[in-house]
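Everything on this sheet refers to the single structure shown next.
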Amino acid sequence: MLAALLAAAWTLAISVGPAAIPVGTAVAVVLERVGLPVARTWPDVVGAIVLDLRVPRALLAAVVGAGLAGAGAVFQGVLRNPLADPYVIGVSAGAAFGATVALTGFATAGAAVVLVPLLAFAGALGATALVYGLARRGDDAPVEDLLLAGVAVSAFLGAAVSWLQLSGGESLQRVIYWLMGGFSGRGWPHVAAATPLVALGLAVVWLYGRELDALLLGDEAARALGVAPAPARRTLVAAGAMMAAAAVASAGLIGFVGLIVPHLLRLLVGPGHRRLVPAAALGGATLLLVADTAARSALPGGELPVGILTALLGAPFFLAVLLRERRRFWT
């Protein structure tokens, strides 16, 4: 069912836009490109719009959504916190810092195109490594220390980003637009960079599904089940951070996908991560495709950054989960 919803959302995404293209025509353009026999009834400009603009954008939205939702499922399991998402341990702050350095430190647009995703990815992984290093006690990093270290590092890097923005001058508008998150101007190079990292991260987490299930029960219970908590936690945090970093480096800061999707799909497929992680990846890809399609049609003559739309959807959901957890605590 999730795969069918994803296929429908992707088909809609390649046909909706400023230039309205019938769904059948958009699908026929793609089928012709992959070598299937179809009757060509469209001008070359329609083929260029579909293949060069909309197909890579839709693929990137699906990959980013899958990476964010998969990372959210990982962090909620590792941290045993239903409010955790890919940004709780400094991934977003590190990526924002790296991208801001690239946008404010290099004046030429050509250099920024290359350096923004590169430095955002490096910043996200560097921040995650710093958080894990600060939280480490011996061979392990307790959950509480990871959360506290993530808050501290995120606050420091957020202040650094604000300082760079104030000193950025003419590049301030580019920084703000990137921080809003979106897929405008993204193409095949971004798809090629993000896809293998997200796929590798999802594969690692799926293989470690039993260990992640055991960590949900606590370290003592995990040891009783034959799982070593410290190495499993390191591997899972690294895989989740890699997926989130690849997503943020490709599309900017898009929040709440990693919070909403694992929660909803846990109700449908259960808490077992061998089922939850693939389902979350499909659900995240579908949600972000629909959100990006809606964002492209929200403003006449322009488009709304998809990060704003996901925040509008995710903030009420976050509050609902928070209130539910508070009621559960007091009862």
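If you work out Rg and Dmax of the Cα atoms in Å from the coordinates, which of [x] 20.6, 76; [y] 22.3, 74; [z] 20.3, 66 do you get?
[z]
Can you classify the stretch 154-242 as rounded, prolate or oblate using the Cα gyration tensor, where a ≥ b ≥ c are the square roots of its eigenvalues, rounded means a/c under 1.5, and otherwise it's prolate if a/b beats b/c and oblate if not?
Judged from the Cα gyration tensor, the stretch 154-242 comes out oblate (a/c at least 1.5, b/c at or above a/b).
If we sort 224-232, 286-294 on the protection proxy, mean other Cβ atoms within 10 Å, highest first, what's the order?
286-294, 224-232
Taking the highest mean first, how do the peptides 75-84, 142-151, 240-249 order by number of other beta carbon atoms within 10 angstrom per residue?
240-249, 75-84, 142-151
Quick check on the chain: helices-only [θ] at 222 nm, where DSSP H runs of length 4 and up contribute -39,500 (n - 2.57) each and the sum goes over total residues. Nearest 500, please.
Estimated from H runs of four or more residues: -25000 deg cm²/dmol.
Which value, in debye to the nearest 20, describes the size of the charge dipole of the stretch 65-320 about its Cα centre when Lys and Arg Cβ atoms bear +1, Asp and Glu Cβ atoms bear -1, and nothing else is charged?
300 debye
Could you run the Debye sum over the Cα atoms of the stretch 1-126, one equal point scatterer each and no solvent, and tell me log10 of I(q)/I(0) at q = 0.20 Å⁻¹, two decimals?
With one equal scatterer per Cα and no solvent, log10 I(q)/I(0) is -1.05.
What are the extents of the Cα atoms of the stretch 199-278 along their three principal axes, listed from largest to smallest and rounded to whole Å?
So the three principal-axis extents are 41, 28, 18 Å.
Every read-out reported here was derived from the displayed coordinates using simple, explicitly stated rules and does not represent laboratory data. In this text, all values refer to a predicted model and were calculated from it rather than measured experimentally. We place every Cβ from the backbone using ideal geometry, glycine too, and count neighbours over all the protein chains shown.
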